[in-house]
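The values are calculated or read from the model by the stated rules, or taken from the named source; none is laboratory data. Predicted model, so just to flag it, every value in this text is computed and none were measured. Areas reflect the complete protein model, heavy atoms only, side chains present, ligands, DNA and RNA absent. Shrake-Rupley method; radii C 1.70, N 1.55, O 1.52, S 1.80 Å.
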Amino acid sequence: AYDALRTLALDTWPAMFLATNEEEKPVRQSRFEAMCAHADNFIMGAFDDTQLVGMAGFMTAERSKRQHVGGLWGMAVRPQYHGQGIGKQLVDDLLDRAKKISRITKINLGVTAGNNAAKSLYEQAGFHTYGIEPAAMNVDGHDFDEVLMVYKIT
């Protein structure tokens, strides 16, 4: 289910993700298993019956000096489920779970500039913009900036 939704997301919105299916597909399973092997990493899923319709991942930093930092990644909701509050519920649930990890004091994410719906969703959840990386991605000859956002756990 994860593979199918991740494939859909990367193919449907290539400017919204740093990864491409061509690069990720050969190592997706091993990366998924390695990420899930760490007790504090997780992927939240939203289901309609048995179909995975939305997901958001959380990963903690590996380096000792960044053990207080988490990252929200891979947020995707199937197009036919947009506007139903699934993304908001995923982000809210992810934040609730991440706050229970005592060493985590902030959560970072990046969102493609111009993806106003996603940026607004993150702002409503309490994320704040702290910077913009110009030309963070180049897709088919077009540069895309990335808005860098942070959620501080108080």
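For the chain, the solvent-accessible area of protein heavy atoms averages 57 Å² per residue (probe radius 1.4 Å; ligands and nucleic acids excluded). Over segment 1-103, what percent of the accessible surface lies on carbon and sulfur atoms, probe 1.4 Å? After summing per-atom areas, the C and S share lands at 52 percent. Using only Cα atoms, locate the centre of segment 23-82 and the centre of segment 123-154, then give the distance between them in Å, rounded to an integer. Between the Cα centre of segment 23-82 and that of segment 123-154, the gap is 18 Å.
Ellipsoid fit via the Cα gyration tensor, segment 112-154: semi-axes of 23, 11, 6 Å, each the root of five times an eigenvalue, largest first.
Using the Cα atoms as the points, what is the convex hull volume per residue of segment 11-154 in Å³? Don't skip to the end; give the middle numbers.
Working: hull volume 19.1 nm³, N = 144.
In segment 11-154, the Cα convex hull volume per residue is 133 Å³.
Taken one residue at a time, the phi angles of segment 124-131 give Karplus couplings (6.51, -1.76, 1.60, θ = phi - 60°) of 4, 7, x, 6, 10, 6, 10, x Hz. Gly and Pro are set to x. Listed by chain and number, the lysines placed with their C-alpha closer than 22 angstrom to that of LYS99 are LYS65, LYS88, LYS119, LYS152; residues fewer than eight positions away on the same chain are left out. Taking the helices alone, the chain has a mean residue ellipticity at 222 nm of -9000 deg cm²/dmol, built from -39,500 (n - 2.57) per DSSP H run of at least 4 residues and averaged over all its residues.
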